[in-house]
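Structure first, then comments.
The values are calculated or read from the model by the stated rules, or taken from the named source; none is laboratory data. As the structure is a prediction and not an experimental result, all values here were calculated from the model. A quick note on method: Cβ atoms are made from the backbone with ideal geometry, for glycine too, and the neighbour counts reach across all protein chains shown. These area figures cover heavy atoms from the full protein model, side chains too; ligands, DNA and RNA do not enter into them. Shrake-Rupley method; radii C 1.70, N 1.55, O 1.52, S 1.80 Å.
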Amino acid sequence: MPDSPIPADPMVLHPMPGQPRVILLKPLVTSPLIEVGEFSYYDDPDDPTAFETRNVLYHYGPEKLIIGKFCALGTGVRFVMNGANHRMDGPSTFPFPTMGGSWSNHFDLLTDLPSRGDTIVGNDVWFGNGATVMPGVRIGNGAIISTGSVVVGDVPDYGIVGGNPARLIRTRYSDEDIARLLAVAWWDWPLDHLTEHVPTIMSGSITDLEAARRAVPHSTSEG
């Protein structure tokens, strides 16, 4: 390992030379309603730079999409936002006010629909190709979303889910070990320290991670 390892740059749009299909989302997104942490990426052979319009759907309301750091999004992962909601308490589900004309006078029939809140994805979440996340879902740190899953409910930390609707298949670690991993929170380490311990993060034990965490530099400034 070099004496002074150089961290990767979280603000480079295309982190893999010669692979335009892979983009980092943080330097791409412009919507104030979408927040993405460092190094979370999206892979798409067609046009990954259209993520905000092709993969975040019906984003008409104030609800936010928040994605943590170090998340991996496979081709076709989509987030359905609360604007997709239709009334179901009357004879028709058709959203007449969105068609314009005098029908738009009845927009309150849509704006008073209940909101499911922000959609929040933790850190280090892996999404398989074609996964769909419905409005207001919360996905925990270290989770895995299987290919083609339709996630309609919350996913626990380090949970593996799959199917339509997605169901919990298993968790990756015991409850005790999950608590230890959440305490380590390697995704929040200073970038230089994280860079030094990439092998441990990728293939080490939880004990190894805990040892590396104890060596994280702390600020010496006084408030």
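Among VAL36, VAL184, VAL161, which one shows the highest mean-square fluctuation when the chain is modelled as a Gaussian network with alpha-carbon springs under 10 Å? Looking only at VAL36, VAL184, VAL161, the largest GNM fluctuation is found for VAL184. A simple packing score, the average count of other Cβ atoms within 10 Å per residue, orders the peptides 22-28, 205-211, 91-97, 68-74 as 68-74, 22-28, 205-211, 91-97, with the highest score first.
Quote the Stokes-Einstein diffusion coefficient, in whole µm² s⁻¹, for the range 1-92, based on the Kirkwood radius over alpha carbon pairs, a temperature of 25 °C and a viscosity of 0.890 mPa s. Don't skip to the end; give the middle numbers.
Details: Rh = 14.8 Å.
Estimated via Stokes-Einstein, D reaches 166 µm²/s.
Pop a pseudo-label 7 angstrom from the Cα along the beta-carbon direction at both VAL12 and ARG116 and give the gap in nm to one decimal. It is 3.7 nm. Counting every alpha-carbon pair across the chain, the share separated by more than 21 Å comes to 62%. Here the contact order of the range 70-154, divided by its residue count and restricted to Cα pairs under 8 Å and six or more residues apart, works out to 34 percent.
Entry comment: accessible area of the range 113-223 is 54 Å² per residue, from protein heavy atoms only and a probe of 1.4 Å.
As a test of the formula, what do you get for the chain when each DSSP H run with n ≥ 4 contributes -39,500 (n - 2.57) and the sum is divided by the residue count, at 222 nm and rounded to the nearest 500 deg cm²/dmol? Numbers along the way, then the final one.
Details: 6 runs with 39 residues, N = 223.
Mean residue ellipticity, 222 nm, calculated: -4000 deg cm²/dmol.
The range 5-78 and the range 99-166 have Cα centres separated by 17 Å. Here the Gaussian network model covers the chain, with springs between Cα atoms less than 10 Å apart; of ASP89, ASP108, ASP118, ASP89 fluctuates the most.
Comparing ARG167, ARG180, ARG138 in a Gaussian network model of the chain, where Cα atoms under 10 Å apart are tied by springs, the biggest mean-square fluctuation is seen for ARG180.
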